[in-house]
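Structure record follows, encoded as C-alpha coordinates.
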Amino acid sequence: MPLLIAMRHAKAVDRMMAEDDFDRGLTERGVADADRAAEALNRAGVKATHALVSPARRTRETWKRLSAILGELPVTDPMALYHASPEMLERAVAEQLDQGAEAIMLVGHNPGIGALVHTLAGQAEAASDLPYGWPTSAFAAFDILLDGKRLTANRRRLYFNPKES
(Lines give C-alpha, C1' and ligand atoms only; values in the text may rest on other atoms or scores of the structure.)
Protein backbone atom coordinates (compact mmCIF):
# COMPACT_ATOMS: atom_id res chain seq x y z
CA MET A 1 0.00 0.00 0.00
CA PRO A 2 1.43 3.44 -0.88
CA LEU A 3 2.60 5.74 1.89
CA LEU A 4 2.35 9.53 2.11
CA ILE A 5 4.28 11.54 4.69
CA ALA A 6 2.94 15.09 4.63
CA MET A 7 5.00 17.72 6.43
CA ARG A 8 4.88 21.47 6.82
CA HIS A 9 8.25 23.17 6.42
CA ALA A 10 10.22 24.03 9.55
CA LYS A 11 10.04 27.44 11.26
CA ALA A 12 11.22 30.20 8.94
CA VAL A 13 12.42 33.74 9.54
CA ASP A 14 9.79 36.46 9.69
CA ARG A 15 8.58 37.87 6.37
CA MET A 16 10.14 41.23 7.25
CA MET A 17 13.60 39.65 7.46
CA ALA A 18 13.68 38.38 3.87
CA GLU A 19 13.64 40.03 0.45
CA ASP A 20 10.44 38.16 -0.33
CA ASP A 21 8.38 35.26 1.00
CA PHE A 22 9.94 32.73 -1.40
CA ASP A 23 13.45 33.37 0.01
CA ARG A 24 12.70 32.96 3.71
CA GLY A 25 15.22 30.57 5.30
CA LEU A 26 14.98 28.54 8.50
CA THR A 27 15.51 29.88 11.99
CA GLU A 28 17.71 28.06 14.52
CA ARG A 29 14.54 26.57 16.00
CA GLY A 30 13.46 25.51 12.51
CA VAL A 31 16.74 23.67 11.94
CA ALA A 32 16.44 21.92 15.32
CA ASP A 33 12.79 20.99 14.74
CA ALA A 34 13.48 19.65 11.24
CA ASP A 35 16.26 17.47 12.67
CA ARG A 36 13.89 16.21 15.38
CA ALA A 37 11.27 15.40 12.74
CA ALA A 38 13.83 13.46 10.72
CA GLU A 39 14.91 11.54 13.83
CA ALA A 40 11.26 10.69 14.60
CA LEU A 41 10.81 9.28 11.09
CA ASN A 42 14.08 7.38 11.35
CA ARG A 43 13.20 5.89 14.78
CA ALA A 44 9.82 4.79 13.47
CA GLY A 45 11.44 3.16 10.44
CA VAL A 46 9.25 5.14 8.06
CA LYS A 47 11.00 5.48 4.72
CA ALA A 48 10.16 7.34 1.53
CA THR A 49 11.17 6.46 -2.04
CA HIS A 50 10.44 9.91 -3.51
CA ALA A 51 10.23 13.49 -2.27
CA LEU A 52 7.89 16.26 -3.39
CA VAL A 53 9.28 19.56 -2.12
CA SER A 54 8.07 23.09 -2.74
CA PRO A 55 10.90 25.09 -4.36
CA ALA A 56 10.74 27.83 -1.68
CA ARG A 57 13.92 28.23 0.35
CA ARG A 58 12.38 27.16 3.68
CA THR A 59 11.00 23.90 2.24
CA ARG A 60 14.27 23.12 0.45
CA GLU A 61 16.19 23.77 3.68
CA THR A 62 13.76 21.56 5.60
CA TRP A 63 14.27 18.79 3.03
CA LYS A 64 18.05 19.19 3.32
CA ARG A 65 17.81 18.53 7.07
CA LEU A 66 15.52 15.53 6.52
CA SER A 67 17.63 13.98 3.75
CA ALA A 68 20.79 14.24 5.88
CA ILE A 69 19.22 11.64 8.18
CA LEU A 70 16.80 9.81 5.89
CA GLY A 71 19.04 9.64 2.83
CA GLU A 72 18.94 11.16 -0.62
CA LEU A 73 15.86 10.44 -2.72
CA PRO A 74 14.65 11.50 -6.14
CA VAL A 75 13.19 14.98 -5.58
CA THR A 76 10.50 16.74 -7.60
CA ASP A 77 10.08 20.43 -6.82
CA PRO A 78 7.60 22.05 -9.20
CA MET A 79 6.65 25.68 -8.67
CA ALA A 80 3.03 24.46 -8.41
CA LEU A 81 3.83 23.21 -4.87
CA TYR A 82 4.61 26.72 -3.60
CA HIS A 83 1.57 27.61 -1.47
CA ALA A 84 -0.42 24.89 -3.24
CA SER A 85 -4.02 24.11 -2.42
CA PRO A 86 -4.86 20.68 -0.99
CA GLU A 87 -6.20 19.70 -4.43
CA MET A 88 -2.93 20.69 -6.12
CA LEU A 89 -0.94 18.73 -3.55
CA GLU A 90 -3.19 15.73 -4.07
CA ARG A 91 -2.63 15.92 -7.86
CA ALA A 92 1.14 16.10 -7.38
CA VAL A 93 1.08 13.02 -5.13
CA ALA A 94 -1.19 11.16 -7.60
CA GLU A 95 1.25 11.92 -10.44
CA GLN A 96 4.16 10.53 -8.42
CA LEU A 97 2.18 7.39 -7.61
CA ASP A 98 1.28 6.99 -11.30
CA GLN A 99 5.01 7.19 -12.07
CA GLY A 100 5.82 4.36 -9.68
CA ALA A 101 6.52 6.05 -6.35
CA GLU A 102 5.64 3.82 -3.41
CA ALA A 103 6.32 6.15 -0.49
CA ILE A 104 6.29 9.93 -0.85
CA MET A 105 7.67 12.60 1.47
CA LEU A 106 5.73 15.82 0.77
CA VAL A 107 7.15 19.05 2.22
CA GLY A 108 4.87 22.04 1.74
CA HIS A 109 3.16 25.10 3.16
CA ASN A 110 0.03 26.00 5.06
CA PRO A 111 -2.83 26.25 4.55
CA GLY A 112 -2.68 23.55 1.85
CA ILE A 113 -0.57 20.98 3.67
CA GLY A 114 -2.58 21.31 6.88
CA ALA A 115 -5.88 20.97 5.04
CA LEU A 116 -4.62 17.87 3.22
CA VAL A 117 -3.45 16.27 6.48
CA HIS A 118 -6.75 16.99 8.21
CA THR A 119 -8.73 15.57 5.28
CA LEU A 120 -6.66 12.37 5.17
CA ALA A 121 -6.77 12.01 8.96
CA GLY A 122 -10.55 12.37 8.86
CA GLN A 123 -10.79 9.61 6.27
CA ALA A 124 -8.62 7.37 8.46
CA GLU A 125 -10.71 8.28 11.53
CA ALA A 126 -7.54 9.63 13.16
CA ALA A 127 -8.07 13.37 13.36
CA SER A 128 -9.24 13.89 16.94
CA ASP A 129 -5.75 14.51 18.36
CA LEU A 130 -4.51 16.81 15.58
CA PRO A 131 -4.01 20.50 16.33
CA TYR A 132 -6.11 23.15 14.64
CA GLY A 133 -4.11 24.40 11.67
CA TRP A 134 -0.82 22.66 11.09
CA PRO A 135 2.36 23.63 12.99
CA THR A 136 5.76 24.06 11.41
CA SER A 137 7.79 20.81 11.26
CA ALA A 138 4.69 18.72 12.00
CA PHE A 139 4.04 15.67 9.85
CA ALA A 140 1.63 12.79 9.53
CA ALA A 141 2.19 9.55 7.64
CA PHE A 142 -0.72 7.72 6.02
CA ASP A 143 -1.32 4.49 4.17
CA ILE A 144 -3.15 5.76 1.10
CA LEU A 145 -5.08 4.51 -1.89
CA LEU A 146 -5.33 6.23 -5.24
CA ASP A 147 -8.79 6.16 -6.81
CA GLY A 148 -8.39 7.85 -10.16
CA LYS A 149 -6.76 11.11 -9.13
CA ARG A 150 -8.21 11.18 -5.60
CA LEU A 151 -6.29 10.09 -2.52
CA THR A 152 -7.92 8.20 0.31
CA ALA A 153 -6.25 7.39 3.61
CA ASN A 154 -7.25 4.23 5.42
CA ARG A 155 -4.73 4.42 8.27
CA ARG A 156 -2.56 7.04 9.94
CA ARG A 157 0.77 5.42 10.67
CA LEU A 158 2.60 8.19 12.43
CA TYR A 159 2.12 11.73 13.72
CA PHE A 160 4.78 14.18 14.90
CA ASN A 161 4.32 17.66 16.30
CA PRO A 162 7.49 19.30 17.65
CA LYS A 163 5.36 21.35 20.06
CA GLU A 164 4.15 18.14 21.74
CA SER A 165 7.38 16.16 21.89
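Restricting to Cα atoms and excluding each atom paired with itself, what does the Kirkwood estimate give for region 1-71 in Å?
For region 1-71, inverting the mean 1/r across all distinct Cα pairs yields 12.7 Å.
Under the definition of Cα pairs under 8 Å and six or more residues apart, what whole-number percent is the relative contact order of the chain? Normalised by residue count, the contact order of the chain is 31 percent. What residue among MET79, MET16, MET105 shows peak mean-square fluctuation when the chain is described by a Gaussian network model with Cα springs under 10 Å? Of MET79, MET16, MET105, the most mobile in the Gaussian network model is MET16.
The lysines within cross-link reach of LYS149, meaning a Cα-to-Cα straight distance under 28 Å and a gap of 8 or more places when in the same chain, are LYS47. Here region 46-165 has 50 percent of its accessible surface on carbon and sulfur atoms, given a 1.4 Å probe and all protein chains in place. Relative to 2.2 N^0.38 Å, what does the C-alpha radius of gyration of region 51-142 come to as a ratio? Two decimals please. Output field value: 1.04.
A helix-only calculation puts the chain at -11000 deg cm²/dmol for mean residue ellipticity at 222 nm, using -39500 (n - 2.57) for each DSSP H run of at least four residues, averaged over all residues. Relative to the dominant Cα principal axis of the chain, helix 86-98 is inclined by about 60°.
Working value for region 60-104: equivalent-ellipsoid semi-axes of 20, 15, 8 Å, each the square root of 5 times a Cα gyration tensor eigenvalue, largest first. Once the Cα atoms of helix 28-44 and of the chain are each reduced to a long axis, what angle between those two axes, in degrees from 0 to 90 to the nearest 10, is obtained? Compared with the principal axis, the helix lies near 30 degrees. Mean-square fluctuations from a GNM of the chain, with a 10 angstrom spring cutoff on Cα atoms, peak among ALA124, ALA44, ALA56 at ALA44. In the set [x] 16.4; [y] 15.4; [z] 17.1, the label that goes with Kirkwood radius over Cα pairs in Å computed for this structure is [y]. Taking every DSSP beta bridge that has both ends in the chain, the antiparallel portion is near 55%.
The values are calculated or read from the model by the stated rules, or taken from the named source; none is laboratory data. If you're wondering where the values come from, they're calculated on a predicted model, not measured in any experiment. What goes into the accessible areas is simple: the full protein's heavy atoms, side chains included, and nothing from ligands, DNA or RNA. Shrake-Rupley method; radii C 1.70, N 1.55, O 1.52, S 1.80 Å.
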